[in-house]
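Reviewing the structure listed below.
The values are calculated or read from the model by the stated rules, or taken from the named source; none is laboratory data. Just so it is clear, the model here is predicted, and its values are computed rather than measured. Note that we place each Cβ from the backbone using ideal geometry, even for glycine, and neighbour counts take in every protein chain shown. Surface accessibility is based on the protein's heavy atoms, side chains included, excluding ligands, DNA and RNA. Shrake-Rupley method; radii C 1.70, N 1.55, O 1.52, S 1.80 Å.
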Amino acid sequence: MKISFVSAGTATGTGVAIAFTKSKFSAAATEYDAVSNGQVKKAAKAADFTGKSGSSFDVYAPDGASTKRLVVMGAGDRVKFDAEKFGAKAVKSLLMSGESTVTLHLDGMDLSPDDAARAALGGVLAAYRFDNYRTKLTKDQKPSITTLKIAYDTPAKARASYANFYGPIAEGTCLARDLVSEPPNKLNPESYAARIKAMAVPGLKIEVIGEKKLASMGMHAFVGVGLGSNYESKMVVMTWSGGKKGEKPACIIGKGVTFDAGGISLKPGAGMWDMKGDMGGSAAVVGAMHTIAARKAKANVIGIVGLVENMPDAGAQRPGDIVTSMSGQTIEVQNTDAEGRLVLCDVLHYARTKYKPKAMVNLATLTGAILVALGHEHAGLFSNNDDVAQQLLTASEESTEKLWRLPLHSVYDKLLDSKNADMKNIGGRLAGSITAAQFLQRFVGDTPWAHLDIAGAAWDPASADPRNPAWASGFGARLLNRWIADNYEG
Ligand code: BES
Ligand code: MN
Ligand code: ZN
């Protein structure tokens, strides 16, 4: 979908104007009413239209305008107007309408250039579909909108805001959605690494580290997870050096299990197909690195993803195996399905010892228990540092990707005790998301760190948010970008 910012009065195709419950029509709707000799108000009356959010009415071929169809959309209370959600709703409702050009009229409404840019972002997020493997869609099952125009008072300013910030966010989020949606026969650790390597954003350096090297570096917890797979495990390091030379970076780290069958501790069959999305944390990191590089952020950021497939096989690791992590700590693998923490513990140790980051944040579809606690609505936030936790909560507000903080506490440590090794990789039935976080904490030392458990947020088959597609949300890319923008640039 092509985005363009235009000045008022240049609508073609379908126009969308706004109406509010109290102050009623926006400038554009009022203008259409004037040129059409009152057709808009007449239609509003006939439709018993009040401006309530979710309601709308159409005026086809309004007199005095070149617009084929004017849609007046109710947006509720003027003071609560959210341009991004409005853009998303408008595009979502017209996506299959047959119309190719849609103009959103945001002019004459005292909106900021950022609001206009965010309306475009909302539109792009709402237009997202993963149709790559659908060969039989009929014309009316395919999106018809090819151009989204935003009519705004100072289009150049809105265009700049979109080009410099919100456009790259749209790209990063859609990239993350694409990666999460790819089927696991197409996206495996090797093809995934190649795809990241091919990501052509000027200045973004990408290094792929293969399985043998990972083993030689001592990352046996990580490598153990992939032993049952036909694909080599890979760690990919993305380096963006947009900040001061020599300044310590922020690290963002993602779990990239391209398929989680559970390994020898095999998962039940029903719903197992969703485990293609078990690389959602890594997708958020890749998406964020894309966004950060595309907007040339003035910050030093390292993105690291651990890519691996968790399969049962004669070569696979067994429950009862003891592995030595890169940190030297030993782990009894009591359940091969608790594999995310085994991958992350080595990547976290690597990141902290190699880069000495100012702070590091990892994202992972880590536990089913976080879905029990928070559903698909919030991701769980765990942190050893109140400043980093607060930074992320603020970034969460701004980016509209919701987080909820949960505790870390030494009282949970005993649940990880093993008779045979320094720890075991499962904590039992209770507090499953916390024991997983507690496990990770053992590998971060005193580095300011946060863990985001996105097992619920990475996909939602029934999201009520008009910006979200039917499954993969791309959660995290936008949040990480905002966290970097707010705290590491300047
Ligand atoms: N990838 C899963 C967690 C998950 C569950 C993600 C549902 C998305 C939706 C993870 O590797 C896993 O299997 N966790 C186990 C841990 C348990 C064995 C301690 C779980 O949550 O059941
Ligand atoms: Mn698992
Ligand atoms: Zn998993």
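Cβ-Cβ below 8 Å, separation at least six or inter-chain, first residue in the stretch 181-204 and among the aromatic types (Phe, Trp, Tyr), second open to solvent by 30 Å² or more (accessible area, probe 1.4 Å) and at pLDDT 95 or above: which pairs?
As it stands, the answer is Tyr192/Lys234, since those pairs meet every condition given.
Starting from residues that are of a type in the set (S, T, N, Q) and part of a helix (DSSP H, G or I), keep the ones in the stretch 176-198 and report whichever is least open to solvent (accessible area, probe 1.4 Å).
Initially, the stretch 176-198 is screened for residues of a type in the set (S, T, N, Q), giving 181, 185, 188, 191.
With part of a helix (DSSP H, G or I) added as a condition, the list becomes 181, 191.
Numbers: Ser181: 9, Ser191: 39 Å².
For the stretch 176-198, the residue satisfying everything is Ser181.
Under the condition of being out of contact with any strand residue (DSSP E or B) (no Cβ under 8 Å at 6 or more places or on another chain) and open to solvent by 70 Å² or more (accessible area, probe 1.4 Å), which residue from the stretch 65-97 is farthest from Ser144 (Cα to Cα)? I'd like the intermediate steps shown before the answer.
To start, the set of residues in the stretch 65-97 that are out of contact with any strand residue (DSSP E or B) (no Cβ under 8 Å at 6 or more places or on another chain) comprises 66, 79-80, 82-85, 88, 92, 95-96.
Subset that is open to solvent by 70 Å² or more (accessible area, probe 1.4 Å): 66, 79-80, 85, 92, 96.
Values: Ser66: 20, Val79: 32, Lys80: 30, Lys85: 20, Lys92: 11, Met96: 5 Å.
Across the stretch 65-97, the extreme among qualifying residues is Val79.
Across the stretch 214-247, which residue is nearest to Ala359 (Cα to Cα) among those that are surrounded by fewer than 20 Cβ atoms within 10 Å (Cβ to Cβ) and among the charged types (D, E, K, R)?
Looking at the filtered set, the residue picked out is Glu247.
So is Lys267 within 16 Å of ligand 2 (Cβ to nearest atom), open to solvent by 40 Å² or more (accessible area, probe 1.4 Å) and in contact with a helix residue (DSSP H, G or I) (Cβ under 8 Å, 6 or more places away or on another chain) or not?
Working: within 16 Å of ligand 2 (Cβ to nearest atom): yes; open to solvent by 40 Å² or more (accessible area, probe 1.4 Å): yes; in contact with a helix residue (DSSP H, G or I) (Cβ under 8 Å, 6 or more places away or on another chain): yes.
Against the criterion (within 16 Å of ligand 2 (Cβ to nearest atom), open to solvent by 40 Å² or more (accessible area, probe 1.4 Å) and in contact with a helix residue (DSSP H, G or I) (Cβ under 8 Å, 6 or more places away or on another chain)), Lys267 qualifies.
If you go through the stretch 321-336, how many residues are open to solvent by 10 Å² or more (accessible area, probe 1.4 Å) and in contact with an Asp or Glu (Cβ under 7 Å, 6 or more places away or on another chain)? Outline the logic, then answer.
Filtering the stretch 321-336 for residues open to solvent by 10 Å² or more (accessible area, probe 1.4 Å) gives 321-324, 326-330, 332, 334-335.
Now drop any that are not in contact with an Asp or Glu (Cβ under 7 Å, 6 or more places away or on another chain), which leaves 322, 326, 329-330.
Going through the stretch 321-336 one residue at a time, the tally reaches 4.
Lys80 - would you say it is closer than 18 Å to Arg118 by Cβ and touching a residue at least 40 places away in the same chain (Cβ under 8 Å)?
On the way: closer than 18 Å to Arg118 by Cβ: yes; touching a residue at least 40 places away in the same chain (Cβ under 8 Å): no.
Judged against the criteria, Lys80 is not a match.
Pick out the one residue from Lys267, Lys255 that is near ligand 1 (Cβ under 10 Å from one of its atoms), assigned to a strand (DSSP E or B), of a type in the set (Lys, Arg) and modelled with pLDDT of 95 or more.
Working: Lys267 fails: assigned to a strand (DSSP E or B).
Result of the check over Lys267, Lys255: Lys255.
Might you check whether a residue that is within 13 Å of ligand 2 (Cβ to nearest atom), β-branched (Val, Ile, Thr), under 27 Å from the mean Cα position of the chain (by Cα) and open to solvent by less than 20 Å² (accessible area, probe 1.4 Å) occurs anywhere in the stretch 346-359? Step through it out loud before you land on a result.
The initial filter retains those residues of the stretch 346-359 that are within 13 Å of ligand 2 (Cβ to nearest atom), namely none.
Among the residues of the stretch 346-359, not one is within 13 Å of ligand 2 (Cβ to nearest atom), β-branched (Val, Ile, Thr), under 27 Å from the mean Cα position of the chain (by Cα) and open to solvent by less than 20 Å² (accessible area, probe 1.4 Å), which makes the answer no.
Report the residue count in the stretch 17-40 for those that are in contact with an Asp or Glu (Cβ under 8 Å, 6 or more places away or on another chain) and not in a loop (DSSP other than H, G, I, E, B).
From the stretch 17-40, those in contact with an Asp or Glu (Cβ under 8 Å, 6 or more places away or on another chain) are 20-22, 25, 27-28, 35-37, 39-40; that's our starting set.
Next, from what is left, pick out any that are not in a loop (DSSP other than H, G, I, E, B): 20, 25, 27-28, 35, 39-40.
Total meeting the criteria: 7.
What strands (runs of 3 or more DSSP E) lie completely within the stretch 342-416 and have 1 or more residues being within 16 Å of ligand 3 (Cβ to nearest atom) and over 27 Å from Ala215 (Cα atoms)?
Values: elements: 359-364, 379-383, 403-405.
Filter on the stretch 342-416 gives 379-383.
So in the stretch 98-123, with the set limited to residues that are hydroxyl-bearing (Ser, Thr, Tyr) and in contact with a Lys or Arg (Cβ under 9 Å, 6 or more places away or on another chain), which one is surrounded by the fewest Cβ atoms within 10 Å (Cβ to Cβ)? Before the answer, list the steps.
First pass over the stretch 98-123, keeping only residues hydroxyl-bearing (Ser, Thr, Tyr): 100-101, 103, 112.
With the extra rule that they be in contact with a Lys or Arg (Cβ under 9 Å, 6 or more places away or on another chain), the set shrinks to 101, 103, 112.
Values: Thr101: 19, Thr103: 25, Ser112: 14.
Checked the stretch 98-123; the qualifying residue surrounded by the fewest Cβ atoms within 10 Å (Cβ to Cβ) is Ser112.
Residue check: is Leu416 touching a strand residue (DSSP E or B) at 6+ places or on another chain (Cβ under 7 Å), modelled with pLDDT of 95 or more and more than 16 Å from ligand 1 (Cβ to nearest atom)?
Values: touching a strand residue (DSSP E or B) at 6+ places or on another chain (Cβ under 7 Å): yes; modelled with pLDDT of 95 or more: yes; more than 16 Å from ligand 1 (Cβ to nearest atom): no.
Considered against the rule, which asks whether it is touching a strand residue (DSSP E or B) at 6+ places or on another chain (Cβ under 7 Å), modelled with pLDDT of 95 or more and more than 16 Å from ligand 1 (Cβ to nearest atom), Leu416 comes out as no.
Open to solvent by less than 10 Å² (accessible area, probe 1.4 Å), under 16 Å from Ala261 (Cβ atoms), within 14 Å of ligand 3 (Cβ to nearest atom) and part of a strand (DSSP E or B), is that true of Leu307? I'd like the intermediate steps shown before the answer.
Numbers: open to solvent by less than 10 Å² (accessible area, probe 1.4 Å): yes; under 16 Å from Ala261 (Cβ atoms): yes; within 14 Å of ligand 3 (Cβ to nearest atom): yes; part of a strand (DSSP E or B): yes.
So Leu307 fits the description; yes.
Report every pair of residues separated by at least 6 positions or lying on different chains whose Cβ atoms are under 9 Å apart, first residue within the stretch 455-466 and more than 15 Å from Arg478 (Cβ to Cβ) and among the aliphatic types (A, V, I, L, M), second part of a loop (DSSP other than H, G, I, E, B) and within 16 Å of ligand 2 (Cβ to nearest atom).
Ala455/Asp278; Ala455/Thr365; Ala455/Leu366; Ala455/Thr367; Ala455/Gly368
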